[in-house]
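Step one of this worksheet: look at the structure below.
Quick note: the coordinates plus some simple rules give every number you see, no bench work behind them. Bear in mind the structure is a predicted one, so any value in this text is a computation, not a measurement. Quick reminder, even Gly has a Cβ in these numbers, built from the backbone with ideal geometry, and neighbours come from all protein chains shown.
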Amino acid sequence: PPHATYRPYKKPNRYWSRGVPEPLFVGQLALHRMNQRIDAIMNLHARPLLYIWKNAGVNVDKITNAVATIIEGNMPAGQAISYITPQAVPSEYLARTDKIVAWGEKVLGLSEQTIQANRPPGIEHAPALQMLQDIESIRQHPRLRAWETMHVESGRRVVDCLRMLAERKKLEKT
């Protein structure tokens, strides 16, 4: 039957297209895995780790989260208690999450300016703003182009059907 289809992200050698979540799925899984690791590392920072020598004679029940707690022991504090500082989240690892988000924006064809709705500095006059609006317009987006293509195809199908009906009617009269 004559019909038009809307396929925003065409798959090579396939009839159906991809939706927005499909190309971003791999990045979303990576972000989820990385965020779980970052949360686990941050959990280490949220609780103090103390190492106490058993022979120091420190009453561990006196160690609390209070602001001013007095702890007594049989040796100097530097020898009896030591604070263990966990490693921080590496900055390269945190930067990797930003890179994955930037990759997702690139896959969808969105610019940073479009996402944040910012204009570049120095653009103040109406002609420049109009030009910028045209450049950043949704008409540049592949999904809208596919939507317009679907409507054009639909219009062509209607015209073709009307022509076929007119030819049939013409044949019936003769």
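Please work out how much length the chain gains when fully extended from Ala4 to His151, using 0.36 nm per residue of separation minus the C-alpha to C-alpha distance, in nm with one decimal.
Details: separation 147, 0.36 × 147 = 52.92 nm, distance 0.74 nm.
Additional length available on full extension: 52.2 nm.
Site pair Met75 and Tyr51 shows an inter-label distance of 1.2 nm when each label is modelled 7 Å from Cα along Cα→Cβ. Taking 0.36 nm per residue of separation and subtracting the Cα-Cα distance, full extension of the segment from Arg143 to Asn59 would add 23.5 nm.
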